[in-house]
Amino acid sequence: MKKNLLTIFSTVMAVSLTACGGASTTGTVQDQSTQAESKTADGAASLTIWSPTDKESVEKWWAEKIDEWNKANPDIQVKRDAIDRSDSYAYDNKVATAVTSNSLPDIFFVDGPQVSYYAANDIIVPLDKYFTAEDLKDFVPSTVAQCTYDGKTYAISATESSVAFYYNKDMLREAGIDVDDIDKRTVDNPITWSELRNIAEKCTTEDHVGTHIIMDHGEGIPYALEPMYISQGKDYINETGDTAEGYVNSDEAVKTSAFLAQLIADGYANIEPITDEFLNKACATMLGGSWDVATLTENADFDWGVTYYPVSDDTKKAVSPCGDWSAAISKDCKNVDAAGKFLQWLMNTDNVATYAAAIAKPATRNSSYDTESMAAYKDYPLSLMVEQLNHTAVPRPRTPSYASFSTKYAEAMSNIFSAAASDHKVDEAYIKEQLDSVAADFAEDYNTYYAK
């Protein structure tokens, strides 16, 4: 039994608009409500792409690239509809309506953790014919994993994301922290949870807290915090994507959740972080995204650094977040081979490099880093993000029930953090109760719609 898209799209919307750096809503909007005809008047194949609007540099990139393609390929003409995201749900509502009316564009972009949902519900088609195993060797492993469902490639992405540990060197030095030691850490020797806690404790003052651990109260929570659970020994969901029981509510998960909650209970982190908390020197450290490098480089008036995502003291297993928007060919595409040919070109080394540079995110193709466009990623701190993507990045669970899980987990963790903030203590029994509820809700969704 496949799930009706409209029955859960409110949860899909909550997931798909966060955790990847937050695209800007500026830019020209070309919102068209009907699918393009499969051929133009002169017999050329006609393809339409949907993707969310983005900042001016990205909109310019799209215009230039589509013009370049159309001039070189008169037999396959492409146009893009940039869907306005000033209304956060506009893009997702448009996709939902098109699914039910069988009027999807030929190609549309989906957020990484939703690839499995669209694939399981036959909304997108496999791309293995156009991106072979040999082709995919050039893409970072996290991207290949994110875009794979049931052994097949269903989407392809030009950019990735990562999260690392940012620190205000001035504040750490004032607190007596050995900054030189943190600066020298490697991917094989990242800071541990206990070290993170020690830094947060020493750096918490009347003027600022020691750390920032929450990106938002939605998808930012599962996105940014999942590596801690994996590092402790258990992911949110099993590898086959069909159960959360014994995973998100395991002893390891309770311990991880309790560690995070204790930072809030002790006043070392805020449950409601202020805007630009790290940039505004309201916290001394943070778990921040790869996109924060550009913001800090341009605006920070203090000495700052970035090191690798923290690891569990028990396992020392290094893990980091990843994921971003990916292009997929829809079930309604009348010219799949033409769409596949266009995606092969769109995702070539040079195009991936220039797109990644325009949007200020890591590229998915390792060969792209040899281009001039990606030169900045050869040097610290951006090189650290690339290193994590190649060695420690793990995509969010690949399951068609991810949207349902994400919503319930974020709600449970918000409850856990709220209780810690109000009680100034951590109740592991309450944590287990909250996580048990997440596991049960996941089981109901998966078993109702996807269990065979």
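The values are calculated or read from the model by the stated rules, or taken from the named source; none is laboratory data. Small disclaimer: the values here were computed from a predicted structure and weren't measured. Glycine also receives a Cβ, built like all others from the backbone with ideal geometry; neighbour counts cover every protein chain displayed. Heavy atoms of the whole protein, side chains included, go into the accessibility calculation; ligands, DNA and RNA do not. Shrake-Rupley method; radii C 1.70, N 1.55, O 1.52, S 1.80 Å.
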Exercise for review: With the cut-off at 13 Å, report for the stretch 225-265 the share of all Cα pairs above it, as a whole percent.
Suggested key: 47 percent
Check your understanding: So for the stretch 388-452, what percent of the C-alpha to C-alpha distances run longer than 16 Å?
Key -> 57 percent
Exercise for review: Straight distance only, please: which aspartates and glutamates reach the Cα of K184 with their own Cα at less than 18 Å, same-chain residues fewer than 8 apart left out?
Suggested key: D170, E195, D303, D379, E387
Review point. How big is D, in µm² s⁻¹, for the stretch 39-174 by Stokes-Einstein at 20 °C and 1.002 mPa s if Rh is the Kirkwood radius over C-alpha pairs?
Key: 122 µm²/s
Exercise for review: Could you order T159, T275 by accessible surface area, starting with the largest, using a probe radius of 1.4 Å?
Suggested key: T275, T159
Check your understanding: Can you give the % of DSSP beta bridges in the chain that are antiparallel, to the nearest 5?
Key -> 60 percent
Point to revise | Value of relative contact order over the stretch 89-222, rounded to a whole percent, pairs C-alpha under 8 Å and six or more apart | key: 14 percent
Exercise for review: Check the straight Cα-Cα distances from K255 and name the lysines below 22 Å, setting aside those fewer than 8 residues away within the same chain.
Suggested key: K234, K316, K317, K408, K425, K432
Check your understanding: Which number do you get for Rg(Cα) / (2.2 N^0.38 Å) in the stretch 178-234?
Key -> 1.31
Point to revise | Quotient of Cα Rg and 2.2 N^0.38 Å for the stretch 114-178, N being how many residues it contains | key: 1.78
Check your understanding: What percentage of the solvent-accessible surface of the chain, computed with a 1.4 Å probe over protein heavy atoms, is contributed by carbon and sulfur atoms?
Key -> 46 percent
Point to revise | the chain, accessible area per residue, ligands and nucleic acids excluded (1.4 Å, Å²) | key: 39 Å²
**Study point:** Pairwise Lys count, the stretch 67-172 - Cα closer than 16 Å, eight or more residues apart or different chains
**Key:** 4
Review point. Just one of [x] 22.4; [y] 26.6; [z] 20.6 is mean projected area of the Cα convex hull in nm² as worked out from the coordinates here. Which one is it?
Key: [z]
Check your understanding: Using helices alone, what [θ] at 222 nm do you get for the chain, with -39,500 (n - 2.57) per DSSP H run of 4 or more residues, divided over all residues and rounded to the nearest 500?
Key -> -13000 deg cm²/dmol
Revision key, fill the gap. Under the Karplus relation with 6.51, -1.76 and 1.60 and θ = phi - 60°, whole-Hz ³J(HN,Hα) for the stretch 124-133, x at Gly and Pro, equal 10, 10, x, 10, 4, 5, 9, 10, 6, 4
Review point. Can you give the Kirkwood hydrodynamic radius of the stretch 225-341 from its Cα pairs, in Å with one decimal?
Key: 17.7 Å
Review point. Looking only at Cα atoms, what is the convex hull volume of the stretch 169-304 per residue, in Å³?
Key: 126 Å³
Check your understanding: So what's the net charge close to I431: Lys and Arg +1, Asp and Glu -1, counting the other residues with Cβ under 15 Å from its Cβ?
Key -> -3
